Amino acid sequence: MVQLPLPAHISEKAVLESILPCKDVDGFHPINAGALATGEKGFVPGTPAGVIELLKRSGIEMEGKECVIVGRSNIVGKPMAQLMLAENATVTVAHSKTQNLQEVCKRADILIVAAGKKKLITKEFVKPGATVIDVGIHRDENNKLCGDVDFDDVVSAAGAITPVPGGVGPMTIAMLMLNCLESKKMLQK
Ligand code: NDP
C-alpha cells in the first residue's frame, strides 16, 4: 500500500501504476478505477466502499434518492459518485468551484462530505431529515478530532449522521481488510 500524499518530488502516478492491480487493495490503480467506472469487478477504495456498507447496514434507501457528494478527489469523491450511481441514486458532485454550495447540499436526501474543510457544513446546508455522512478528519481548536460537518449544529436537523471519530474511519479500515483478504484469495488461485 502507498500512503498518500507522497513528497512533491515523487510522481504519485508512477508509484500507483507500479502496483500489480491484483495487489492494489486501495483501489487506486487506473485498472481498478476503470473497472469501477464501467461496472466491472475490481478493488474499490475503502472509504467510499465503507460509506455504502454503512448506509446499507443502517437501512438507508439509496435508490432514486438525491445524493450530493462534496469533493471530487480520486480517493473519495469520484469513486463515491460511481458507487452511488451503481445503487441507483441521483448523484450530484460538488467541488470548490460549485456555486451556491448551500443550495446544492440542501437538495440532498443523502449528503456525503469529503471536502477536507473543517466544519464546512452547518445546519443551513442540510435538508431536514437528510442522512449526513462526514468523511473529513481534522483537529479542532481544542485538539479534538472533528469532521467536515459541524456535528453539534447539524445533529438536530439530520435524520441520521455519522460522528467523527467513530463513523467513516473504522469502515475504511474494515473495507481495506476485506480487500486484503480478497487479494490473498485471488493470488492463491
Ligand atoms: P482532497 O483535498 O483530495 O479533495 C477535497 C475535495 O473537496 C476537492 O475535490 C475540492 O474541490 C473539494 N473542496 C475543497 N474545499 C471545498 C469547498 N469549500 N466547497 C466545496 N468543495 C470543496 O481530499 P480527500 O478527498 O483526500 O479527503 C477529504 C477529507 O476526507 C479530508 O479531511 C481527509 O482527511 C478525509 N479522509 C478521511 C478518510 C477516512 O477514512 N475517514 C479517508 C480519506 C480521506 P476541487 O477539486 O475543486 O479542489
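FYI, it's all coordinate maths here, none of it is from the lab. For clarity, every value in this text was computed on a predicted model and none was experimentally measured. Cβ atoms come from the backbone with ideal geometry, glycine included; neighbour counts cover every protein chain shown.
So, counting K/R as plus one and D/E as minus one, what does the shell of residues with Cβ under 15 Å around residue 74 add up to?
The answer is -1.
Report the gain in length on full extension from residue 152 to residue 10: 0.36 nm times residue separation, minus Cα-Cα distance, nm rounded to one decimal.
47.1 nm
Can you put 153, 140 in order of Cβ neighbours within 10 angstrom, beginning with the fewest?
By the 10 Å Cβ count, ascending: 140, 153.
What full-extension length gain, to one decimal in nm, is calculated for residue 18 and residue 41 as 0.36 nm per residue of separation minus the Cα-Cα distance?
6.3 nm
Net charge near residue 164, counting Lys/Arg +1 and Asp/Glu -1 over other residues with Cβ under 12 Å of its Cβ?
Computed value for this residue: -1.
If you restrict to DSSP beta bridges whose two residues both lie in the chain, what percentage is antiparallel, to the nearest 5?
Roughly 10 percent of the beta bridges in the chain run antiparallel, per DSSP.
Could you please report the charge total around residue 93, scoring K, R as +1 and D, E as -1 over all other residues with beta-carbon less than 12 angstrom from its beta-carbon?
Here the count lands on +3.
Using just the helices of the chain, give the 222 nm mean residue ellipticity in deg cm²/dmol: DSSP H runs with n ≥ 4 each add -39,500 (n - 2.57), and the total is spread over all residues, rounded to 500.
-10500 deg cm²/dmol
Among 77-88, 166-177, what's the highest-first ranking by average C-beta atoms within 10 angstrom per residue?
Top of the packing list down: 77-88, 166-177.
To the nearest 20 debye, what is the magnitude of the charge dipole of the stretch 73-189 about its Cα centre, counting +1 on the Cβ of each Lys and Arg and -1 on the Cβ of each Asp and Glu?
Once rounded to the nearest 20, the dipole reads 440 debye.
Which of the lysines could a cross-linker span from residue 65 if the Cα-Cα distance has to be under 28 Å and same-chain partners fewer than 8 positions apart are dropped?
Once the sequence-local lysines are set aside, what remains near residue 65 is 41, 56, 78, 97, 106, 117, 118, 119, 123, 127.
State, as an integer percentage, the relative contact order of the chain based on alpha-carbon contacts under 8 Å between residues 6 or more apart.
19 percent
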